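Notes follow the structure.
The values are calculated or read from the model by the stated rules, or taken from the named source; none is laboratory data. Because the structure is predicted, anything quoted here is derived from the model rather than measured. Counting neighbours? That spans all protein chains shown, and the Cβs are built from the backbone with ideal geometry, glycine included. In case anyone asks, the SASA skips ligands and DNA or RNA and just uses the protein heavy atoms, side chains included. Shrake-Rupley method; radii C 1.70, N 1.55, O 1.52, S 1.80 Å.
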Amino acid sequence: MKFSRKLLLWTTIIIAITLGLSGFYFVNYVFRTSLEREVGQALDENSILRFAFQTAALNVPLKYDLLQDGSVEQIASNLETSGQGSGRLLRLSDEGKEVLYASDGFEADAALLEQTAENRYAYRVIQEGERYYIQTGSSVNALGRDLYLETLRDVSQVFAERKMGFTVYRRLMVLMLVLGIVIMHFIASRLTKPIRLLMKATREMAAGDYGYRAEQVSSDELGQLTQDFNHMSEELEKTIGQLEEEVQSREEFVGAFAHELKTPLTSIIGYADMLRSRKLDEEKSFRSANYIYTEGKRLETMSLRLLDIMVTKKEGARLQKVSTETLFEYLRNMFLPREDMDFQFRYEEAVVTVDAGLIQTVLVNLIDNACKASEPGSRIEIEGYAVEASEEVERAARGRAEKRKVEKGKAERTERERAEMTGYWFGVRDYGIGIPEQEVSRVTQAFYMVDKSRSRSRNGAGLGLALCTEILALHGSRLEIRSVSGQGTTAGFFLWEEGKEAAV
């Protein structure tokens, strides 16, 4: 059963019980009040008749010492006659409680008479056929005789009024119930409308429409529930979108990985089969073996890079304060002995909080990519200098939300927070082939290579920048790439105070 119908049903039951009990109490209260009034009048009438009988008995001429039965009947008849039109019925009994006089229609039994004693009144309500009466009884002392006077007062009207009261109230209760059901149906419909809207939103979302939102029709607790549900839906939609992007990214990764494995393996298998199946001259044998070696090295490099990415994600970064002099000295020792490129180092000495080994890996990959994108003998500039966060705020953080967000280890601060910070810029610039503008946003994807033939010829696997991205994410930073096709590329990153902030 729907909640609105349950609410309507239970409300109707409560209203019916309340109206029934209150109506029964009210009608019976009116009835008891009227009946008590009639009882009081009946007792008063009995008292008046008793006094009238005693007065009349004093006026009877005495022939005997005691009041005779005939005189009693005469007085009783006169009392009944004097009350014509009042519906007065009376009965007189002697000392032995034998009836001396009874009005026509006085058919009550002697049960009340047995309860009547001297100087005591008694009464009861009796039913004769369809009529109701109040029977009263009292003792009468007249001229030496102890008689008993009983009266009957017709109170059928009181009972008829009670019956009519119940009938009217039942009709009124039915009418009130009908009106109550109509009103409560409207109220229940209004109260449960937010629930119905939430149910509809839930069904729509279950059907795959994650952008559907429930309409908020009130500002009470149900309205707050709707607002919270919509907020949850927004977060769920974002999460599902991220999951879909991750699934798509993984599918693309698997496809690219399979392709990157297939191409060199096909060549390796082909050249190896040629070497084992036929006799080649020395030059062809050397070229075949060299190609197998080159492609094998590329597979080795790709495997090591993938392993580095997985290890980096699993182990995280071990941050500590490191002098930039140490980092750049490592790079100088690694690349200056090479004579195929013109390496130029310019940097300011400072202290940064990083995982030195991981940051060295990032810088080595950036320099290696710069070498692959440049012709032999080209200039490669490696630089580092301190910066003020406010400069980057004005340049790159325009329009950012004031709310701080933390997602996958990447921290973002508000402009006010960043304006109070200082950072350090690491950058690598080359003057090689550059990257087309539409390709810049994709170069950090695993296995993505702008010029595949050039990258493969230099043992490139398309994983270097993907590894850099993961490492920088652990430092709360991100890779910045600025490039002009045919003029060169600048790739670098900011490390903010304690390695907690990245430029946008």
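A few points about this structure:
- Accessible area expressed per residue, segment 316-369, with surrounding protein chains retained (probe 1.4 Å, Å²): 52
- Restriction of the trypsin sites (Lys or Arg not before Pro) in segment 337-376 to DSSP coil positions whose beta-carbon has at most 13 other beta-carbons within 10 angstrom yields ARG338.
- Debye-sum result for segment 4-103 in log10 I(q)/I(0), which assumes one identical scatterer on each alpha carbon, at q = 0.15, 0.22, 0.24 Å⁻¹: -0.75, -1.14, -1.25
- Take the Cβ atoms of GLN115 and VAL182, set R0 to 51 Å, and the FRET efficiency comes out at 0.40.
- Taking the C-alpha atoms of segment 112-208, convex hull volume expressed per residue in Å³: 184
- Segment 108-158 shape via C-alpha gyration tensor axes, a/c threshold 1.5: prolate
- The heavy atoms of PHE286 present about 140 square angstrom of accessible area, all protein chains included, probe 1.4 Å.
- Packing, as the average of other Cβ atoms within 10 Å across residues, places the peptides 466-478, 5-17, 138-150 in the order 466-478, 138-150, 5-17, highest first.
- Accessible solvent surface per residue of segment 14-69, calculated while the other protein chains remain in place, 1.4 angstrom probe, Å²: 67
- Net charge over other residues, Cβ less than 11 angstrom from the Cβ of GLY492 (K, R count +1; D, E count -1): 0
- Nearest-0.05 FRET efficiency for LYS279 and VAL247, computed from C-beta distance (R0 30 Å): 0.05
- To put it simply, the accessible area of segment 156-239 at a 1.4 Å probe is 63 percent carbon and sulfur.
- Solvent-accessible surface of segment 134-174, averaged per residue with a 1.4 angstrom probe and all protein chains in place: 46 square angstrom.
- Equivalent-ellipsoid semi-axes of segment 34-154, from the Cα gyration tensor, Å, largest first: 24, 15, 13
- Near GLN41, once Lys and Arg are set to +1 and Asp and Glu to -1 for all other residues with Cβ below 13 Å from its Cβ, the sum equals -2.
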